[in-house]
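Following: one structure in structure tokens, then a few remarks.
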Amino acid sequence: MNQPLVDQITSVFKEKFCKEPVLYFSPGRINIIGEHVDYNDGFVMPAAIDKGVYYAIALNGTTSQLNFFSVDFDEALSIDLEDVRPMDNWKNYVLSVINQFAVAGVEMAGFDCVLGGDIPRGSGMSSSAAVEGGMAFALNEMFNDNRYNRQELALLNQRAEHDYPKVNCGIMDQFANMNGMKDAVLLLDCRSIEHQYFPLKMDGYSLLLINTKVSHSLASSAYNERRKQCETGLQLMASDSAVRSFRDVAKAEDLLEYRGRMGEEVYTRCLFVVEEIARTQKAAVLLQANDIQGLGKLMYQAHEGLSKLYNVSCKELDFLVEQARKNPDVIGSRLMGGGFGGCTINIVANEALEVFVEDTLAAYLTEMGNYGEAYIVQTDDGTRKI
């Protein structure tokens, strides 16, 4: 827990609203493996982390007045419940969650709220799901007698992200935010929402994120294009076979008969999805056997697929993964998230962490002319009262 940030959020709340708040923590997430398959009925392996968004909230005695202050943006918002509507940046996420509760018929009253987080912007650790998660958890407790369980809250937050922000995301981010467990990862079936926990024993190793500090404008349009290409490939297979999902494709070789009709671009997108689903299932087996070395090899394979088949990497991400690959103290590395920027996720031997970070960031600055950032993260429990 980031105690200085907790103290700051609490202090700002008391200064602005002159009362004691209730405090909540809503975590960001990492994804060990299983990228770009949450919207393709695949398996993903996320974990909640010890960075996130902190909330201070209290009822204000009014029937409908909502008062917010974002520490990160140094920005206030006051709005009546009746006037809740789409806005911009952080406001869109909290207001869309409030709207989802209203749509569900939950009666709410006025409250005051201060929020702030320690997830670096643009890092791909899903600050949006963290903002949604903290708001939903608090509303469920304050106004809904905790009737919604964590899975229902995750699905509500997914609907919220689809609504005001217009981000047609899969369920992974919101589910990990609500259901994370310290020292464990989730194997989440994105088709059925069934999930299992697998221990993540990092004996002698740490999870290290390296942020490229770049965000290429291709990201959003390319995301939509990849979804459409996967849908095209699936429809083609479904037209003359029993395939209704990428999960129905037993192995990559089964795609070959469709290659000519798909065209090379659609074929390579589908090939990546089938291989990534298989990799994620294999990763669960390796974790059960505590084979962290084998997991690292799968991460390198995943990056190769993301870069060469799904084509969502960029020169900065490829450079960082190549630096990791050359270092025997790094057993796995890949881009994490949508791609075209953001972070790589790395498994690094503890005794080599400091030197690896120093050398990699220096090489990155020399080669790319840009300052990267590095963060050590640990798995954590899901959204909760603190």
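Where a number appears in this text, it was derived from the coordinates with a stated rule and is not lab data. Keep in mind the model is a prediction, meaning the values are calculated, not measured. Cβ placement follows ideal geometry from the backbone for every residue including glycine, while neighbour counts extend to all protein chains displayed.
Details
- Label selected from (i) 92, 61, 31; (ii) 76, 52, 35; (iii) 65, 53, 39, the criterion being Cα extents along the principal axes in Å as computed here: (iii)
- Spatially proximal aspartates and glutamates relative to LYS14 (Cα-Cα < 13 Å; intrachain offsets below 8 disregarded): ASP112
- Note, ³J(HN,Hα) from phi for the range 144-152, Karplus 6.51, -1.76, 1.60, rounded to Hz, x at Gly and Pro: 10, 6, 6, 5, 7, 7, 5, 5, 5
- Remark: the range 316-323, residue by residue, has Karplus-estimated 3J(HN,Hα) of 5, 5, 4, 4, 5, 5, 5, 4 Hz, where x stands for each Gly or Pro and the curve is 6.51 cos²θ - 1.76 cosθ + 1.60 at θ = phi - 60°.
- Relative contact order (%) - the range 149-259, alpha-carbon pairs under 8 angstrom, separation at least six: 13
- Taking the C-alpha atoms only, the angle from helix 127-143 to the longest principal axis of the chain is near 40 degrees.
- Gain on full extension, evaluated as 0.36 nm per residue between GLN3 and GLU354 minus their Cα-Cα distance, stands at 123.9 nm.
- Too-long pairs where the Cα-Cα distance tops 21 Å, listed order kept, from LYS166/LYS315; LYS201/LYS385; LYS251/LYS282: LYS166/LYS315; LYS201/LYS385
- Structure-based [θ]222 nm, the chain - -39500 (n - 2.57) summed over DSSP H runs of at least 4, per residue, nearest 500: -14000 deg cm²/dmol
- Added length on full extension, which subtracts the Cα-Cα distance from 0.36 nm per residue, ASN89 to ASP254: 55.0 nm
- Electrostatic tally near ASN2: other residues with Cβ closer than 12 Å to its Cβ, Lys and Arg +1, Asp and Glu -1, net -3.
- The C-alpha atoms of the chain define a longest principal axis, and helix 218-238 lies at about 60 degrees to it.
- Using the Karplus relation 6.51 cos²θ - 1.76 cosθ + 1.60 with θ = phi - 60°, the per-residue 3J(HN,Hα) values for the range 196-205 come to 10, 9, 10, x, 10, 8, 9, 3, x, 10 Hz, with x marking Gly and Pro.
- Dipole magnitude of the chain, debye to nearest 20 (Cβ charges: Lys/Arg +1, Asp/Glu -1, about Cα centre): 520
- Taking amide hydrogens as placed 1.01 Å from N in the peptide plane, the amide H of TYR205 sits under 5 Å from those of ASN350, each at least 5 positions away in sequence or on another chain.
- Dividing the mean sequence gap of close Cα pairs (under 8 Å, 6+ apart) by how many residues the range 1-145 holds gives a relative contact order of 29 percent.
- Helix 3-17 vs. the chain, principal-axis angle (Cα, 0 to 90°, nearest 10): 40
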